[in-house]
1. Hey, any hits in segment 254-271 for a residue that's more than 21 Å from the chain's Cα centre (by Cα) and surrounded by fewer than 18 Cβ atoms within 10 Å (Cβ to Cβ)?
2. Take the conditions outside the structural domain of Gly17 (by TED's automatic domain parsing) and either crowded, with 20+ Cβ neighbours inside 10 Å or not in a helix (DSSP H, G or I) (or both) and apply them to Asn235. Does it pass?
3. Any residue at all in segment 284-295 that's hydrophobic (A, V, I, L, M, F, W, C), in contact with a Leu (Cβ under 7 Å, 6 or more places away or on another chain) and in a helix (DSSP H, G or I)?
4. Here is a list of conditions, (1) of a type in the set (Ser, Thr, Tyr); (2) under 24 Å from the mean Cα position of the chain (by Cα); (3) surrounded by fewer than 22 Cβ atoms within 10 Å (Cβ to Cβ), and Thr70 meets all of them except one; can you say which number that is?
5. Condition check: at pLDDT below 95, under 24 Å from Ser306 (Cα atoms) and among the charged types (D, E, K, R). Does Glu208 satisfy that?
6. Please work out if Lys277 is part of a helix (DSSP H, G or I) and crowded, with 18+ Cβ neighbours inside 10 Å.
7. Which one of these is at pLDDT 85 or above, in a helix (DSSP H, G or I) and among the aliphatic types (A, V, I, L, M): Ala11, Ala54?
8. Mind listing whichever residues of segment 21-51 are loosely packed, with under 14 Cβ neighbours inside 10 Å, modelled with pLDDT under 90 and outside any loop (DSSP other than H, G, I, E, B)?
Amino acid sequence: MKTDNKSKPSAVGIDFGGTSVKIGSLSELLSDRNSKPKTLKTADFNTVDSLVSAMVKVVKESMDKEEIVTVGCGVPGLVDFDNGHIHMLTNVPGWNDVPLKEILQSELNIPVFVDNDANCMAYAEYRYGAARGCSNIVALTLGTGIGGGLIINGQLYRGSKYAAGELGNFSIDYQGPPNVYGLKGALECYMGNKQICEIAEKSFKNTEIPEGGWTPEKVTHLAEQGNAIAIQIWNQIAEWLASVLASTAWLLNPDAFVIGGGVASAGRFLFDPLKEKIKNQVSEVISEDLKIIPAYFGNESGIIGSSAQALDNWKKES
């Protein structure tokens, strides 16, 4: 049964992950922080078409309840924003060269916008989150890899080929190991989830491995207990990250660095040394008002950012 909650236009956000697709309404997520998006496990679908059909069904359920005027999609990969064509998705097999915008618009008959998930995270924090009120921000997601999104003068900056903001590909050691693109010493070769677990395993080689193996959260737990080795691990992570962010600060002079993702849950053990190390590598003019802050939105940042961006674009075009 349809409701009458259709007085204010809203948007639906779709957030692609390596193992799931989350779908939610912007108005519901902003009005109720306890609201949970619908989750589809990608392993349950054998083809792109079957997953798209399930996505369309969920979106239409929202359209029955609200005045949904547009849909935004955030995906972990290379996207042509103008035509909504996915060139490739990271860790999502079968989703290369998919015209997602065209497919969804034909099924839903409303405008659809498709963007990189880190750009969506940046937009969520810019519009409604930790960086609200800032005009120039650099947003990073620190997890399995490192993603980045740029807001410059209040606008998302994607670059000429929609690949801007990938700070994980900045080198911190020109003699270091190559990443998948052949870049030696890329930041994400040192401080993704996997790498942090490997550092912990080596650093605690004389310690019993915790049940389930090492995770960044377990390193943080030890740091909270005052373990000097765990604290030093986060200090080292902060040093690597600071070298890239300090260079970025000189290049872009942002109002804020907003950091999200699982690694950011280290809290003060990451942020305190990070702030100090960046401050020591840039001029006082740059560092004086520079914010280095954790993201406000957690796992819903992709949904909120993609839907907010879609709604703002819809308003501009209407």
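The values are calculated or read from the model by the stated rules, or taken from the named source; none is laboratory data. Being a predicted model, the structure only gives us computed values, none of them experimental. Neighbour counts are summed over all protein chains in view; Cβ atoms, including those assigned to glycine, are modelled from backbone coordinates with ideal geometry.
1. The answer is no, given that none of the residues of segment 254-271 is more than 21 Å from the chain's Cα centre (by Cα) and surrounded by fewer than 18 Cβ atoms within 10 Å (Cβ to Cβ).
2. Details: outside the structural domain of Gly17 (by TED's automatic domain parsing): yes; either crowded, with 20+ Cβ neighbours inside 10 Å or not in a helix (DSSP H, G or I) (or both): no.
Judged against the criteria, Asn235 is not a match.
3. Filtering segment 284-295 down to residues hydrophobic (A, V, I, L, M, F, W, C) leaves 285-286, 290, 292-293, 295.
After this cut, where a residue has to be in contact with a Leu (Cβ under 7 Å, 6 or more places away or on another chain) as well, the list is 292.
Those left that are additionally in a helix (DSSP H, G or I): none.
Within segment 284-295, not a single residue is hydrophobic (A, V, I, L, M, F, W, C), in contact with a Leu (Cβ under 7 Å, 6 or more places away or on another chain) and in a helix (DSSP H, G or I).
4. (3)
5. Values: at pLDDT below 95: yes; under 24 Å from Ser306 (Cα atoms): no; among the charged types (D, E, K, R): yes.
Judged against the criteria, Glu208 is not a match.
6. On the way: part of a helix (DSSP H, G or I): yes; crowded, with 18+ Cβ neighbours inside 10 Å: yes.
Here the answer is yes, as Lys277 does meet what is asked.
7. Numbers: Ala11 fails: in a helix (DSSP H, G or I).
Just a single option satisfies the conditions, and that option is Ala54.
8. Taking segment 21-51 first, the residues loosely packed, with under 14 Cβ neighbours inside 10 Å are 31-36, 41, 43-44, 46-47, 49-50.
Now drop any that are not modelled with pLDDT under 90, which leaves 31-36, 43, 46-47.
Matches in segment 21-51: Ser31, Ala43.
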